[in-house]
Amino acid sequence: MTLTVVWYDKKVFNRENASYYDRFLVETPTCRFSDESKAVNFLKSSVQANLVISSGSAGQSFCAKIASVTSIYAVIIFCSDESRHRHWAAREPRITLVISSGWGEVQNEIDRLSSEYTKALFRERELQRLSRQISFPETLFSPGEQQQHSRPRYDVMLSYNHSYQSLVRELVGQLLESGVEVWVDYYKMAGNLKNSMHDGVRDSRVFVPFVCGAYCQSQSCMFEFRLAVAAKVVMAPVWIDGETLSPEVKDRVDRDLWIAVGGDDRSIEEQARTIKDSLLRTLLRAGR
């Protein structure tokens, strides 16, 4: 599975943009829209991961309409005046590039994001393979390791289903700005996956699972969750409001540390701020 490019621009079919498509995107899964409502409806109904490209003139309104859509991996703004659009784009955590200097930079960003997404899928498959090998991984920790190190390297470890990638990325940025040391897969996972997860759980003060129905059904997510249970790490679950959780998840966490988000019209930035503030309080209680 690869990222699908969703390109919305009122002039997407003009001669210039058509030439970019013919030269660079003809072999890439791409859906082009000149009608905003059709682009929005496509993204809302999509079950795949999408990389959105939009113009600057239409981008701000378009991004506001797709703010709560979870199928979007990242957004690129391809415009004629970077300085005019960078201000509002800076408030949109899923926008990774604002560019006006030609398609070359856009293509480089598409290639980078596609590679990043492919690596994330590979990690997901490897975690699923590992989770099938071990039903409940207490045996991955020696008795001494089941207690936290006296001086963990990380304040929090984030565990999530990739449908909440945008929220996690925004949260990571806010936590780093607050001086919090974060372990998250795309930032810290490298080498042997089992050892990397083992070290992340063991060396974190607080384990933060983004628990939702998809999380509970994911073998790889539950593998990380069970590692944290086995290591006896403090858990501060982020509950996606309205989602049904499995008994295993509900029964193994401290209800006093639940962080509920979703179910309202708040932006991703506001939801991340709620989580960050709650985690800072949890870290203070944990003796950070």
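Whole Å is fine, so just give me how far the alpha carbon centre of the range 67-111 lies from that of the range 1-59.
13 Å
Counting only C-alpha contacts under 8 Å and six or more residues apart, can you give the relative contact order of the range 1-52 as a whole percent? All intermediate terms of the calculation are to be shown ahead of the outcome.
On the way: 57 pairs, mean separation 29.9, N = 52.
RCO, the range 1-52: 57 percent.
Collect residues whose amide H, placed 1.01 Å from N in the peptide plane, falls under 5 Å from the amide H of residue 235; neighbours closer than 5 in sequence don't count.
Residues meeting the amide H criterion: 207, 254.
Of all the accessible heavy-atom surface of the range 13-83, with the other protein chains kept in place and a 1.4 Å probe, what percent is carbon and sulfur? Intermediate values should be presented prior to the final figure.
On the way: 1680 of 3580 Å².
Of the solvent-accessible surface of the range 13-83, carbon and sulfur hold 47 percent.
Quick check: pseudo-label points 7 Å beyond the Cα along Cα→Cβ at residue 269 and residue 244, how many nm apart are they?
3.6 nm
Can you list the HN-Hα couplings for the range 222-239, worked out from phi with the Karplus curve (6.51, -1.76, 1.60; θ = phi - 60°), rounded to whole Hz and with x for Gly and Pro?
My calculation for the range 222-239 gives 5, 5, 5, 4, 5, 4, 5, 4, 5, 7, 6, 7, 4, 10, 10, x, 8, 9 Hz in order.
Which of rounded, prolate or oblate describes the range 9-54 when judged by the alpha-carbon gyration tensor and an a/c cut-off of 1.5? List each step's numbers first, then the result.
On the way: a/c = 3.10, a/b = 1.40, b/c = 2.21.
In terms of gyration-tensor shape, oblate.
I'd like the Karplus ³J(HN,Hα) series for the range 22-28: coefficients 6.51, -1.76, 1.60, θ = phi - 60°, whole numbers in Hz, and an x wherever there's a Gly or Pro.
Going residue by residue, I get 5, 7, 10, 10, 4, 9, 9 Hz, with x marking Gly and Pro.
Using a 1.4 Å probe, how large is the accessible area of residue 282, given in Å² and rounded to the nearest 10?
Solvent-accessible area, nearest 10 Å²: 10 Å².
Collect residues whose amide H, placed 1.01 Å from N in the peptide plane, falls under 5 Å from the amide H of residue 159; neighbours closer than 5 in sequence don't count.
Amide H neighbours of residue 159, under 5 Å, 5+ apart: 208, 210.
Return a whole-number percent for the relative contact order of the range 1-117, with Cα pairs under 8 Å and 6 or more residues apart as the contact set. It would help to have the intermediate numbers written out before the result.
On the way: 167 pairs, mean separation 29.2, N = 117.
Computed over the range 1-117, the figure is 25 percent.
For the range 68-79, what does the Karplus curve 6.51 cos²θ - 1.76 cosθ + 1.60, with θ = phi - 60°, yield as ³J(HN,Hα) per residue in whole Hz, taken in order and with x for Gly and Pro?
Using θ = phi - 60°, the values come out as 9, 7, 8, 7, 8, 7, 6, 10, 10, 9, 9, 9 Hz.
Hey, can you find the accessible area per residue of the range 200-275 for me, probe 1.4 Å, expressed in square angstrom? Numbers along the way, then the final one.
Details: 3000 Å² over 76 residues.
Dividing the accessible area of the range 200-275 by its residue count gives 39 Å².
The values are calculated or read from the model by the stated rules, or taken from the named source; none is laboratory data. None of the values given here were measured: they were computed from a predicted structure. When we count neighbours, we look across all protein chains shown, and the Cβ atoms used for this are built from the backbone with ideal geometry, even at glycine. Side chains are part of the model used for accessible areas, which takes the heavy atoms of the whole protein and leaves out ligands, DNA and RNA. Shrake-Rupley method; radii C 1.70, N 1.55, O 1.52, S 1.80 Å.
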